[in-house]
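I have placed the structure first, in the form of structure tokens, so that the comments after it can refer back to it.
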Amino acid sequence: MDYPDILRLNGHSNFVEDCCYSADSSRIVSCSGDQTVLLWDTQTGQKTQTIGKHDAEVWSCDFSPFGIYICSASSDKTVRIWDQRVQGEVATFKGHTKTVWSCTFHQSWSSWKLASASSDNSVKIWNWKTLSVEQTIENHQNNVDHVSFSNNGQSLVTCGRDWTVQILENYSDKSERKLKILAKHRSRVNYCCFSGTDDELVLSCSDDRTVKVWDRVTLANTKTFTGHLNNVWSCDTRPLGDRTILVSCSSDKTVRFWDMQDGSELRKIRTMDNEIESEDQLLCCRFSPDMSQLAVCSNNGNLYLIEMRGIVQKMLEHFT
């Protein structure tokens, strides 16, 4: 098998839990069990900045619109916002009573909203201009492990250890708010996000070793991707020609690429032949916005940037 080029980013001293590309794909931010948030150059693989440090493990990180600010969430029960221009912390949100697993910016330049999800079974919406809590949402019956905004910022999708995925349409409007519960996973749900041209789909992945695709309107589970041999921690999608590619990663030490249309597995990258070290459990996978790379976070302290050009070419040949 032909192996892709892989750039290893070595700077964390504990597991790397999450990462996020800047909009122009030139930078990537990562967070770790070593309590730090780091910024990297995606072409050289060099660490350019230590963004900041929490008082406990850091589980989630995200870029703000335009990539000036970075948010992070931690076992220290806080969400923090950092300004990379001054290399300092600009805000600390305290309100969760347990570990904060996930944080994400609303991606509209005119919005000051930030969402977080916690072991206290709640999701909070923060205004990071006024430094206040706008809303506390308590629909889950156990830890909430992830939260994502829809592209228009009007809806949320969350998932957690009650085995459910939950869509909250029009979350900020009490008269129009609608809760939709998707409950076909058979274990903890680790990650969820909206997908599709108009966010018409929802993706989720779980300790039940599957990735599921849901219709946002009918709530039908339209596809289930099986093949992983252990917990699936993360997934992402990108359009490729007239198809859509899904990628997932797992504690089975593999990254798998899938055809969203027919459900077939297109490629599997194994942890072998120095491609990725054999003890690596893979905790997060993210396509770069320009589709030139795939970032993969590992429990051994490394962040890997996989060159996608050859993989994309093989997939396009497969589709023709």
Of all residues in region 277-320, count the ones that are surrounded by fewer than 18 Cβ atoms within 10 Å (Cβ to Cβ) and free of Cβ contacts under 8 Å to residues at least 40 places away in the same chain.
7
I need the full set of residues from region 108-151 which are surrounded by fewer than 21 Cβ atoms within 10 Å (Cβ to Cβ) and among the aliphatic types (A, V, I, L, M), in order please.
125, 131, 133
Cross-chain or 6+ apart pairs with Cβ under 8 Å, region 57-77 first and on the phi > 0 side of the Ramachandran plot and of a type outside the set (Gly, Ala, Ser), then assigned to a strand (DSSP E or B) and at pLDDT 95 or above:
77/94; 77/100; 77/118
Residues (more than 17 Å from the chain's Cα centre (by Cα) and under 27 Å from residue 215 (Cβ atoms)) located in region 123-142
125, 135, 137, 138, 139, 140, 141, 142
Just the residues that are under 19 Å from the mean Cα position of the chain (by Cα) and among the acidic types (Asp, Glu), please, taken from region 207-229.
207, 208
Identify all residues within region 69-87 that are surrounded by 20 or more Cβ atoms within 10 Å (Cβ to Cβ) and either closer than 16 Å to residue 98 by Cβ or basic (Lys, Arg) (or both); write none if there are none.
73, 74, 77, 78, 79, 80
Going by the structure shown, is residue 253 basic (Lys, Arg) and not in a strand (DSSP E or B)?
yes
Of all residues in region 203-220, count the ones that are in contact with a Lys or Arg (Cβ under 8 Å, 6 or more places away or on another chain), crowded, with 18+ Cβ neighbours inside 10 Å and either assigned to a strand (DSSP E or B) or among the hydrophobic types (A, V, I, L, M, F, W, C) (or both).
6
Given the conditions (1) surrounded by fewer than 18 Cβ atoms within 10 Å (Cβ to Cβ); (2) of a type outside the set (Phe, Trp, Tyr); (3) outside any loop (DSSP other than H, G, I, E, B), every one holds for residue 261 apart from (3)
Of the listed residues (84, 49, 107), the one being polar (S, T, N, Q) and more than 23 Å from residue 130 (Cβ to Cβ) is 49
List every residue pair whose Cβ atoms sit under 6 Å apart, with the two residues 6 or more apart in sequence or on different chains, where the first one lies in region 217-239 and is over 13 Å from residue 184 (Cβ atoms) and modelled with pLDDT of 95 or more and the second, anywhere, is outside any strand (DSSP E or B) and among the aliphatic types (A, V, I, L, M).
238/291
Go through region 12-68 and tell me which strands (runs of 3 or more DSSP E), entirely inside it, have 1 or more residues that are surrounded by 15 or more Cβ atoms within 10 Å (Cβ to Cβ), over 16 Å from the mean Cα position of the chain (by Cα) and not basic (Lys, Arg).
36-41, 47-53
Could you please let me know if residue 97 is surrounded by fewer than 18 Cβ atoms within 10 Å (Cβ to Cβ) and either touching a strand residue (DSSP E or B) at 6+ places or on another chain (Cβ under 9 Å) or of a type in the set (Asp, Glu) (or both)?
yes
May I ask you to verify whether residue 239 is surrounded by fewer than 22 Cβ atoms within 10 Å (Cβ to Cβ) and outside any strand (DSSP E or B)?
no
Out of curiosity, is residue 204 under 15 Å from the mean Cα position of the chain (by Cα), of a type in the set (Gly, Ala, Ser) and closer than 18 Å to residue 234 by Cα?
yes
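The values are calculated or read from the model by the stated rules, or taken from the named source; none is laboratory data. Predicted model, so just to flag it, every value in this text is computed and none were measured. FYI the Cβ positions are ideal-geometry reconstructions off the backbone, even for glycines, and counts take in every protein chain you see.
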